[in-house]
Amino acid sequence: MSHRDSYKSDETPRTHPRFVWVLSGGLAVALGCNLYQAVQTRHAQRDLALLHESTDKQIAKLADAESAEVQLNQQRFEAMHSGLKTDLEGATSATLRQARSEMKRSNTQMAANLEERRRELEQKNQEVASQLADLKQDTSTKLDDTSSKIQTTNTKLDQVSSDVEKTSSDLKRMVGDMGVMSGDIATNGKELSALKELGERNYFEFDLSKSKTPQKVGDIRVVLRNADPKHSRFTLQVFADDKIVEKKDRTLNEPVQLYVAGNRQPYEIVVNQIKNNEVIGYLATPKIKTPRGHSSTATGF
């Protein structure tokens, strides 16, 4: 056995005192720490319990406050709803009352307007009836007046017709300067009017003064060359169908005859008054133009 082994075998194992104290101190510290930790844990648990309790109380208070607020709001809402309903019912009732009042007033106004319109129509009908009555009376009066005037006119026409017939009976027929029997001859204005009333021929009155310029009478032209009132004679130049023929020394109321192309009957110039360098009379022409045989030129001037 070696010395080392001898030494080891000779030493008896024993605990070192420092180590024991260190171990004891560590245990004490550990125990202290555990105790402190336990105390802190209990404090924390207590604080947590208190916090929970306080939180629960606050939650309860908040719940109570919220419930109270909800109830208050519910009461306010119900009060507001009730107020709105009352106001709405009141407003609706007021609106209905106003609408009824307006309708009643409108119906009253409409009835008044209809009544006024009816009165106006009645008044207009009365006016129209009155006007119709006046018009009827006026028309009747005018008809009576017109009837009276017609009777008067008929009487005058009958008188004129009688005068014409009487004057016509006084009219003369003479042989003209061409040897042809003339139509009825007028010797004055009254007889000429009677001839016009008979309407058998066309009549054109003239008043010729001595001149070199032809004057148109009907569809011919005439120039007075001489007028002798002392011997009741006159001389004319007649322009017709591009021919000039002189009717010399014709007498008062003598039919101065001439044929114009396109007429079977002759034209007749009758002078009723002879003055110094002036003659007054008329031209009578056929109403219907009828060709005289095959001749188409003026003859017999």
Note: residue 101 to residue 21 extended length (0.36 nm per residue) minus current alpha-carbon separation gives 17.4 nm
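What is the extension gain from residue 276 to residue 52, computed as 0.36 nm multiplied by their sequence separation minus the C-alpha to C-alpha distance, in nm to one decimal? Could the numbers behind the result be given before it?
On the way: separation 224, 0.36 × 224 = 80.64 nm, distance 16.50 nm.
Extra length from residue 276 to residue 52 when fully extended: 64.1 nm.
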Could you give me the percent of Cα pairs per 5 Å distance bin for the stretch 178-286, shortest bin first, beginning at zero and ending with the bin that holds the maximum distance?
-> 2, 12, 25, 26, 21, 11, 3, 0
How many nm is it between the label spots at residue 146 and residue 74, if each spot is 7 Å from the Cα in line with the beta carbon?
-> 10.2
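With respect to the cross-link table entries 210/230; 196/243; 196/287; 247/275; 248/275; 248/289, which display a Cα-Cα separation exceeding 22 Å? Mind dumping the intermediate values first?
Details: 210/230 16 Å; 196/243 29 Å; 196/287 12 Å; 247/275 17 Å; 248/275 16 Å; 248/289 27 Å.
Table pairs above 22 Å Cα-Cα are 196/243; 248/289.
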Hey, rough spin-label estimate for residue 121 and residue 197, points 7 angstrom out along Cα→Cβ, what's it come to in nanometres?
-> 6.1
If amide H atoms are modeled at 1.01 Å from N in the peptide plane, then the residues at a separation of 5 or more from residue 202, or on another chain, having amide H under 5 Å from its own are 285, 287
At the level of C-alpha centres, the distance separating the stretch 69-132 and the stretch 208-251, in angstrom, is 103
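FYI, it's all coordinate maths here, none of it is from the lab. Being a predicted model, the structure only gives us computed values, none of them experimental. Counting neighbours? That spans all protein chains shown, and the Cβs are built from the backbone with ideal geometry, glycine included.
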